[in-house]
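A short worksheet on the structure shown next.
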Amino acid sequence: MELSDLRVFLAVARTQGITKAAQELHTVQSNVSARIHSLEKELGAPLFRRHARGVALTNAGEQLLPYAERISRLVDDARHVIGDETDPCGPLRIGSMETTAGLRLPAVLAAFAEDCPRVEFSLITGPTEQLVRDVLEYRLDGALVSGPVRQPDMVETPVFEERLVLVTARRVTDLDSVMRDPKILVFRTGCSYRRRLESILQARGAAGVRCMEFGTLDGILGCVGAAMGLTLLPAAVVERHASQEQLRVHELPEEEARAQTVFVQRVDTPPSPALTRFLTHARAAEQAPPALRMVGRSATATG
């Protein structure tokens, strides 16, 4: 079984068509068809069903797909690991909580881009639970998430430490009154700060917590400033936000306020030179004061 045949198979599965796969691979349709036919003959089973709009995977094709993806990924990983450590290159896919991306990563990414200009870097923001799944399923090389994660298939490295605070509108001076009938303004399910806020309120006897989900940090803090509810965020995010004059910060006890951001990666995937260099810059940035700038997908903001 040739690696090149498996990559042709992956292209056809991804594009759902022989013609589209040939265009993606910069080859002719007959070559793609011949490679698929050769693979089907070797495996003794058809991999695709032909239909009017293109092709679809058969049961045998569905079974082969995850193995082909893993083989291709392992070959790429081997090339990256063995690559020149003095001049890393190739793709690097990193995930991050939105608050970390905006608060901590601008300086990290600037230094990393200058240090490793040949690396094709991509940053995906999302909630901790989703980022952990993406790393476990090999969609990301690693991610900055709220720790501890405690996954047996992962290695986690402490990188940043944040001080969390409760945030309300400026006019709210009596936090107890807000907590009696709380409405929380949070990111979607899977956000670690959301879970922690719910636990904090539960510990204080809050009943009937109402929840409003937002897609952006600006949306949350803007609505908090308009007295629509309260939220929980790193203090440094609030201190540097444009709407801070409309907000009031309420300190938490030390055990509730401390939040550690860790970098997670799969235990069975050796770090590439690019990933090692990225982590070096991230750890160095912990010693510098954070500067807020929103980074990541415009439609998604998470913690």
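Here are some notes:
- Summarised in one figure, the compactness ratio Rg/Rh of the chain, Cα atoms and Kirkwood Rh, is 1.08.
- Binned Cα-Cα distance frequencies in the range 103-220 - 10 Å width, integer %: 10, 34, 32, 17, 6, 1
- Measuring gaps between exposed loop sites in the chain (trypsin sites (Lys or Arg not before Pro); DSSP loop; at most 12 other Cβ atoms within 10 Å), the longest gap, sites not included, is 205-303.
- CD proxy at 222 nm, helix term only [per DSSP H run n ≥ 4: -39500 (n - 2.57); per residue of the chain; nearest 500]: -13000 deg cm²/dmol
- Taking max minus min of the alpha-carbon positions on each principal axis, the range 199-266 gives extents of 40, 31, 24 Å, largest first.
- Where LEU39, LEU109 fall by accessible area, highest first, once all protein chains stay in place (1.4 Å): LEU109, LEU39
- Listed residues GLU286, GLU239 arranged by accessible area, highest first, probe 1.4 Å: GLU239, GLU286
- At least 27 Å along the helix axis (C-alpha) and Kyte average at least -1.0, DSSP helices within the chain: 59-82
- Extension gain from GLN244 to ARG283, taking 0.36 nm per residue of separation minus the Cα-Cα distance: 11.2 nm
- Accessible area (Å², per residue) of the chain, counting only protein heavy atoms and a probe of 1.4 Å: 50
- Using only Cα coordinates, the Kirkwood hydrodynamic radius of the range 155-223 works out to 13.5 Å.
- Counting all C-alpha pairs of the range 1-150, share separated by more than 21 Å (%): 58
- Coarse-grained scattering of the range 1-64 at q = 0.19, 0.21 Å⁻¹, given as base-10 log I(q)/I(0) from a Debye sum over alpha-carbon atoms: -0.61, -0.76
The values are calculated or read from the model by the stated rules, or taken from the named source; none is laboratory data. Bear in mind the structure is a predicted one, so any value in this text is a computation, not a measurement. As a convention, Cβ positions derive from the backbone with ideal geometry for all residues, glycine included, and neighbour counts pool all protein chains shown. SASA here: full protein model, heavy atoms, side chains in, ligands and nucleic acids out. Shrake-Rupley method; radii C 1.70, N 1.55, O 1.52, S 1.80 Å.
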